[in-house]
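Colleague: First, the structure itself, so that you have it in front of you.
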Amino acid sequence: MQPDTTLPANTAPFWGHPTSSLEWCEDNYAISPYVCEFWNTLSSLYISSLAMVGLYLVVQKQQTELCMAVSCIILGLVGLGSALFHGTLLYTFQLLDELPMIYGTLLFLYCCMDSKKFSKVARKFTIPFMMMYGLATTLVMLTNKNNPMYHQVAYAALVFTLVFRSAYISYSLPASPQLRRAMVTLFWTAICTYLVGYASWVSERHFCKNGYAIPFIQLHAIWHILTGTGTFIWIQHVILYRYHLQGRAENATMHRFLGLIPYVLPGENSQQQQQQQQMMMNSQGQFMKKFD
């Protein structure tokens, strides 16, 4: 699929001719002479914006672990890399879009597996395997830039593994019916949002004509919005799981960003317990200093 460019004849593209292994349905430079795919670029920035909301919640409100903060940061990098990719259609920036997708999904998978039940022996094997998987995918993409199937297969394998692990967590969690219902709700909301986004991606690839698969709707931009939202919701799902491992889930509450996108917060009791624990640790530290 090679979209048309709306630039005047004999006018060189601002970013040069595309070097990426993929082009999308949106006409190049149709909106701005400085942005190759305007709507795909703008929708990519939505992903980064939502990731920053998630990072704020993790740091300021949710009081959870470092892996969840890093998950939000990587989601933001995916959005930024995607914006650079669609804005230029250069292969260098395509890598900044696709490789963080691999790294982020590997981290998401680790956040789902890291628990007390996950033995030290298994953890020793899992982390090296994930690092080797990420490194191997990176090397293949660097040396086979004309074949996007390598990334698509590597990413799909990780997503399927993540979905099965998340489903297992949701339905086998030894928790109250209310907590299990919340876990299942977040899981299926994330999955359905992602699947509708994937359907948009496939539809555009197969039915693109004259810059659109559906008149006046850029389905790849819809893919960005829905998959970014689905990933954000999945992060909330894992945060609730991490709360359960810490014994803080029963007091957690569900809220909605913009009245639509669900996120979780620790209950007041959980916050007070954590504050009391922090105060005790500070007091113990001050007490020990007196004997130094």
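Colleague: Filter region 114-143 down to residues that are of a type in the set (D, E, K, R) and surrounded by 12 or more Cβ atoms within 10 Å (Cβ to Cβ) and give me whichever is modelled with the lowest pLDDT.
Modeller: Only one residue fits best here, namely ASP114.
Colleague: One residue is enough: does region 255-264 have a residue meeting the conditions more than 22 Å from the chain's Cα centre (by Cα) and exposed (fewer than 14 other Cβ atoms within 10 Å of the Cβ)?
Modeller: No, because not a single residue in region 255-264 is more than 22 Å from the chain's Cα centre (by Cα) and exposed (fewer than 14 other Cβ atoms within 10 Å of the Cβ).
Colleague: Go through region 165-184 residue by residue and tally those that are in a helix (DSSP H, G or I) and either modelled with pLDDT of 95 or more or among the hydrophobic types (A, V, I, L, M, F, W, C) (or both).
Modeller: Residues flagged as in a helix (DSSP H, G or I) and either modelled with pLDDT of 95 or more or among the hydrophobic types (A, V, I, L, M, F, W, C) (or both) within region 165-184 amount to 6.
Colleague: When GLN275 is evaluated against the numbered criteria (1) at pLDDT below 90; (2) under 28 Å from LEU77 (Cβ atoms), which criterion, by number, is the only one it fails?
Modeller: (2)
Colleague: Condition first: open to solvent by 70 Å² or more (accessible area, probe 1.4 Å) and not in a helix (DSSP H, G or I). Now tell me which residues in region 195-210 satisfy that.
Modeller: LYS209, ASN210
Colleague: Only one of ILE191, ILE239, ILE225 is open to solvent by 50 Å² or more (accessible area, probe 1.4 Å), closer than 28 Å to SER49 by Cβ and in a helix (DSSP H, G or I). Can you tell me which?
Modeller: Of the residues listed, the single one that is open to solvent by 50 Å² or more (accessible area, probe 1.4 Å), closer than 28 Å to SER49 by Cβ and in a helix (DSSP H, G or I) is ILE225.
Colleague: Being over 17 Å from the mean Cα position of the chain (by Cα) and polar (S, T, N, Q) is the filter here, so list the residues in region 65-97 that pass it.
Modeller: Correct list: THR88, THR92.
Colleague: Now for a separate question. Hey, does region 280-292 have a residue that's at pLDDT below 95, acidic (Asp, Glu) and in a helix (DSSP H, G or I)?
Modeller: Looking through region 280-292, none of the residues is at pLDDT below 95, acidic (Asp, Glu) and in a helix (DSSP H, G or I).
Colleague: A further question on this structure: Open to solvent by 90 Å² or more (accessible area, probe 1.4 Å), closer than 30 Å to TRP39 by Cβ and either assigned to a loop (DSSP other than H, G, I, E, B) or modelled with pLDDT of 95 or more (or both): does that describe TYR150? Before the answer, list the steps.
Modeller: On the way: open to solvent by 90 Å² or more (accessible area, probe 1.4 Å): yes; closer than 30 Å to TRP39 by Cβ: yes; either assigned to a loop (DSSP other than H, G, I, E, B) or modelled with pLDDT of 95 or more (or both): no.
Taking the combined requirement at face value, the residue does not satisfy it.
Colleague: When both residues are 6+ apart or on different chains and their Cβ atoms are under 8 Å apart, which pairs have a first residue that lies in region 54-68 and is touching a residue at least 12 places away in the same chain (Cβ under 8 Å) and over 16 Å from GLN246 (Cβ atoms), and a second that is outside any helix (DSSP H, G or I) and aliphatic (A, V, I, L, M)?
Modeller: LEU57/LEU265
Colleague: Give all pairs with beta carbons closer than 9 Å in which a residue from region 164-188 that is of a type in the set (Lys, Arg) meets a residue that is open to solvent by less than 70 Å² (accessible area, probe 1.4 Å) and not in a helix (DSSP H, G or I); count only pairs at least 6 apart in sequence or on separate chains.
Modeller: If the second residue must be open to solvent by less than 70 Å² (accessible area, probe 1.4 Å) and not in a helix (DSSP H, G or I), the pairs left are ARG180/LEU173.
The values are calculated or read from the model by the stated rules, or taken from the named source; none is laboratory data. These numbers come from a predicted model, not from an experiment. A quick note on method: Cβ atoms are made from the backbone with ideal geometry, for glycine too, and the neighbour counts reach across all protein chains shown. When the accessible area is computed, the model is the full protein with side chains, heavy atoms only, and any ligands, DNA or RNA have been set aside. Shrake-Rupley method; radii C 1.70, N 1.55, O 1.52, S 1.80 Å.
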